[in-house]
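Student: Sharing a structure, written as structure tokens. Questions coming.
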Amino acid sequence: MQLISCPWCGPREEAEYHYGGQAHVAYPHEVGALSDADWAHYLFFRDNPRGPFAERWVHAAGCRRWFNAVRDTGTHEILAVYRIGEPQPELGRQASR
Amino acid sequence: MTGPTAVPEHPEFLWRNPEPKPFYDIVVVGGGGHGLATAYYLARNHGITNVAVLEKGWLAGGNMARNTTIIRSNYLWDESSAIYEHSLKLWEGLEEDLGYPILFSQRGVLNLAHSLQDVRDSVRRVNANRLNGVDAEWVDAAGVKELCPIVNISPDVRYPVLGATYQPRGGIAKHDYVAWGFARRADELGIDLIQNCAVTGLDVIGGKVVGVRTTRGDIATGKVALAAAGHSSVLASMVGLRLPIQSHPLQGLVSELLEPVHPTVVMSNAVHVYVSQAHKGELVMGAGIDSFNGYGQRGAFHIIERQMSAALELFPIFARAHLLRTWAGIVDTTPDASPIVGLTPIENLYLNCGWGTGGFKATPGVGWCFAHTVAHDKPHPYNAPFTLERFTSGALVDEHGAAAVAH
């Protein structure tokens, strides 16, 4: 089990959190104009890199707030945490896709 | 053998360790169970032997070495039961076909039901299985106790056992022997098994794959068949192909060696544990996946802790058993808990992935079908439903009920 730093509560055990998958996946604009392939990618396709990955977590057994983290999926090391609405820190941006 | 000091002779090598050639008709990426079986059936069924299997580590050292070896075919939908039952039938003749012992033991598989909804779903699945010619029966709690006397069927537990589906032809096999059996026969048929050979790039010219770049040099090839399980997304991204796959750690563990106490295989989706006793005597258990995406072959301890608490409620007799070893493999999960086997938008590049937590049981079946797909540039009827396009067309094969987590 690792310690994950909630941006509001500080470091807590992993078991207090739930995982939310890839971060920064926006609901599509003009949904009526989407092709089947675009819908498929919105619904079913997420990045799956080995390396830095921007993802969502919720502090379910604490403040119950969502936040984002950049984590290295190869080492499981958390490289940064940041609040919803804040920009993704530069370190993971180039490699997360 | 002479005298008491004699040690067993070193076993004969089961395959050569060739240098990669500059060209192969087909390159299979991934030397696990699926890659080895695919190579074997390419030679056996299609007469194609100018084939290399590239493995970045050692043969069958990934998920093939890390699974809990459960074999069954009692899936809900017609598409799934067809390919898994095809596989089970191949398992039933595999020792003879490979000429190698694989310790295939059809000791039966119980899938427990713990709630009224579980019972309804299970009975429905039994009926669906029977319509598809798959052996299946519904047994009540007393029947579970009869088949596996160490299961606690007391109603006074958090998740009481209300009954189970039972597939008598299901069971387990010795995973290493399976891999070695396929590897040995593939090698004998002339296929090059190349270890310590990681793929670093795929060469595509005019929408057609023509070569593979590796840590042991560039290899030109007519066709590339990907069978890399948890690392499929990484390979596909080398040609800009995005897959509907998320890779997760999945943990397993074994106890110390015990006297035979567990005659069958018991699985429970609801409490996320599945248990059998290996031939040597260790209890083999699997957990649910760790929640986060990960390529590190290890998981969090609280997952093991929950798995053990569930196992102890089902099997109070395990309370004094000692844990010997835990590990994790990287499983490639899909949105509908069904695999992706078939063609890709890139010519001569073929995909076998998305088996998630349950690929071991499919080893001979998918090897057979994937070899057909690669040889004929056309899916075998059994893997035709499992296209990449189904995520766009909506023709999903939702096996979360029969496949998710518990394998």
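The values are calculated or read from the model by the stated rules, or taken from the named source; none is laboratory data. On a predicted model such as this, the values are computed, not experimentally measured, just so you know. Glycine also receives a Cβ, built like all others from the backbone with ideal geometry; neighbour counts cover every protein chain displayed. Remember, those area values only see protein heavy atoms, side chains included, never the ligands or the DNA or RNA. Shrake-Rupley method; radii C 1.70, N 1.55, O 1.52, S 1.80 Å.
Student: Taking 8 Å as the Cα distance limit and 6 or more residues as the minimum spacing, I'd like the relative contact order of chain B as a percentage.
Tutor: Dividing the mean separation by the residue count of chain B yields 23 percent.
Student: A further question on this structure: Which cross-chain or sequence-distant (5 or more) residues have an amide H under 5 Å from the amide H of B:T214, H modelled 1.01 Å from N in plane?
Tutor: For B:T214, the qualifying residues are B:T200, B:I219.
Student: Once you measure Cβ to Cβ distances between cysteines in the protein assembly as shown, which Cys have no partner under 4.7 Å?
Tutor: Within the protein assembly as shown, the cysteines lacking a partner Cβ under 4.7 Å are A:C63, B:C148, B:C197, B:C353, B:C369.
Student: What is the average number of partner chain Cβ atoms found within 10 Å of a Cβ in A:48-59? The partial results should precede the final answer.
Tutor: Numbers: counts 18, 6, 11, 2, 0, 4, 0, 2, 0, 2, 0, 0.
Across the residues of A:48-59, the mean count of other-chain Cβ atoms within 10 Å is 4.
Student: Dimensions of the stretch B:102-257 along principal axes (Cα, Å, largest first)?
Tutor: Principal axes ranked by extent give 62, 36, 35 Å for the Cα atoms.
Student: Which residues does a label at A:Q2 reach in the stretch A:42-62, if reach means a backbone N under 14 Å from a point 7 Å past the Cα toward the Cβ?
Tutor: A:50-57
Student: Let me ask another. Tilt of helix B:33-46 relative to the longest C-alpha principal axis of chain B, in degrees (0 to 90, nearest 10)?
Tutor: Tilt relative to chain B: about 60 degrees.
Student: What accessible area, summed over both chains, is buried at the A-B interface (1.4 Å probe, Å², nearest 100)?
Tutor: Accessible area lost upon association: around 2200 Å².
Student: Under the definition of partner shielding as Cβ atoms of other protein chains within 10 Å of a residue Cβ, what is the mean value for peptide B:293-299? Could you put the intermediate results ahead of the total?
Tutor: Working: counts 13, 8, 10, 7, 0, 1, 2.
Average neighbour count from other chains, rounded to a whole number: 6.
Student: Let me know the mean shielding of A:36-46 by other chains, meaning the per-residue number of their Cβ atoms within 10 Å of its Cβ.
Tutor: The mean count of partner-chain Cβ atoms within 10 Å per residue comes to 5.
Student: Okay, moving on. How do the peptides B:92-105, A:78-91, B:284-297 rank, highest first, by the average count of neighbouring beta carbon atoms within 10 Å per residue?
Tutor: B:284-297, B:92-105, A:78-91
Student: Using the structure shown, list the pairs from B:K223/B:K361; B:K174/B:K361; B:K89/B:K378; B:K145/B:K361; B:K89/B:K223 with a Cα-Cα distance above 18 Å, or answer none.
Tutor: B:K223/B:K361; B:K89/B:K378; B:K145/B:K361; B:K89/B:K223
Student: Per residue, how much accessible surface does the stretch B:342-407 expose to a 1.4 Å probe? Answer in Å², no decimals.
Tutor: 31 Å²
Student: Mean residue ellipticity at 222 nm from the helices of the protein assembly as shown, using -39,500 (n - 2.57) per DSSP H segment of n ≥ 4 over the full residue count, to the nearest 500 deg cm²/dmol?
Tutor: Details: 12 runs with 127 residues, N = 504.
Rounded to the nearest 500, the figure is -7500 deg cm²/dmol.
Student: Carbon-plus-sulfur fraction of the accessible area of the stretch B:54-142, 1.4 Å probe, in percent?
Tutor: Details: 1950 of 3680 Å².
The value for the stretch B:54-142 is 53 percent carbon and sulfur by accessible area.
Student: Given a Förster radius of 51 Å and the C-beta distance between B:K145 and B:K89 as r, what FRET efficiency does 1/(1 + (r/R0)^6) yield to the nearest 0.05?
Tutor: For B:K145 and B:K89, the calculated efficiency is 0.95.
Student: Taking every DSSP beta bridge with both residues inside the protein assembly as shown, roughly what % is antiparallel (nearest 5)?
Tutor: Details: 67 of 87 bridges.
Beta bridges within the protein assembly as shown, antiparallel portion: roughly 75 percent.
Student: If you find the alpha carbon centre of the stretch A:21-97 and of the stretch B:250-269, how far apart are they in angstrom?
Tutor: 37 Å
Student: Hey, another quick one. What is the distance, in nm, between label points placed 7 Å from the Cα along the Cα-to-Cβ direction at B:N196 and at B:H376?
Tutor: Modelled inter-label distance: 4.0 nm.
Student: Compute the angle between helix B:301-314 and the longest alpha-carbon principal axis of chain B, please, reported from 0 to 90 degrees and rounded to the nearest 10.
Tutor: The two axes meet at around 40 degrees.
Student: Right, something else. At a 1.4 Å probe, which residues in the stretch A:1-22 are at least 50 Å² less accessible with all protein chains present than in their chain isolated?
Tutor: Buried on complex formation: A:M1, A:E14, A:Y19.
Student: Taking only Cα atoms, what is the 0 to 90° angle, nearest 10, from helix B:116-131's long axis to the longest principal axis of chain B?
Tutor: Rounded to the nearest ten degrees, it is 50.
Student: Which order, highest average first, do B:31-38, B:243-250, B:42-49 follow once you tally other Cβ atoms within 10 Å for each residue and take the mean per peptide?
Tutor: B:31-38, B:243-250, B:42-49
Student: Over the residues of the stretch B:230-293, compute the C-alpha Rg and express it relative to 2.2 N^0.38 Å.
Tutor: 1.57
Student: Once the convex hull of the alpha carbons of the protein assembly as shown is built, what does its volume come to per residue, in cubic angstrom?
Tutor: Value for the protein assembly as shown: 177 Å³ per residue.
Student: If you don't mind, another one. Rounded to a whole number, what % of the accessible area of the stretch B:175-216 do carbon and sulfur atoms account for, probe 1.4 Å? Before the final figure, lay out the partial values.
Tutor: Details: 740 of 1660 Å².
Within the stretch B:175-216, the accessible surface is 44 percent carbon and sulfur.
Student: Give the long-range amide H neighbours of B:V331: residues separated by 5 or more places, or on another chain, with amide H under 5 Å away, using H modelled in the peptide plane at 1.01 Å from N.
Tutor: The answer is B:H248, B:L250.
Student: With a 1.4 Å probe and every protein chain left in place, work out the accessible area per residue of the stretch B:178-224 in Å², rounded to a whole number. Show your work: numbers first, answer last.
Tutor: Working: 1780 Å² over 47 residues.
Accessible area per residue, the stretch B:178-224: 38 Å².
Student: Another question about this same structure. Relative to 2.2 N^0.38 Å, what does the C-alpha radius of gyration of chain B come to as a ratio? Two decimals please.
Tutor: Chain B yields a ratio of 0.98.
Student: I would also like to ask the following. Give the cross-link partners of B:K56 among the aspartates and glutamates, using a straight C-alpha distance below 17 Å as the criterion and excluding same-chain residues fewer than 8 apart.
Tutor: B:E19, B:D192, B:D218
Student: Compactness ratio of chain A: Cα Rg over 2.2 N^0.38 Å, N = residue count?
Tutor: In units of the globular-protein estimate, chain A measures up at 1.17.
Student: Work through the residues other than B:A183 whose Cβ is under 12 Å from its Cβ and net out their charges, Lys, Arg +1 and Asp, Glu -1. Could you put the intermediate results ahead of the total?
Tutor: Details: positive: B:R16, B:R184, B:R185; negative: B:E55, B:D176, B:D187, B:E188, B:D192.
Summing Lys and Arg as +1 and Asp and Glu as -1 gives -2.
Student: How far apart, in nm, are two points set 7 Å out from the Cα along the Cα-to-Cβ line at B:N152 and at B:R320?
Tutor: 1.6 nm
Student: Next question, about the same structure. Compute the distance from the alpha-carbon center of the stretch B:149-179 to that of the stretch B:330-394, in whole Å.
Tutor: 28 Å
Student: Going Cα to Cα from B:K280, which aspartates and glutamates come in below 20 Å? Please leave out same-chain ones fewer than 8 positions away.
Tutor: Cross-link targets: B:E95, B:D176, B:E256, B:E259.
Student: Continuing with this model, one more query. Of all the accessible heavy-atom surface of the stretch B:287-364, with the other protein chains kept in place and a 1.4 Å probe, what percent is carbon and sulfur?
Tutor: Reported share for carbon and sulfur atoms: 56 percent.
Student: Calculate log10 I(q)/I(0) of the stretch B:193-343 for q = 0.17, 0.19 Å⁻¹, where I(q) comes from the Debye formula with a single equal point scatterer on each Cα and nothing for solvent.
Tutor: Debye intensities relative to I(0), on a log10 scale: -0.99, -1.11.
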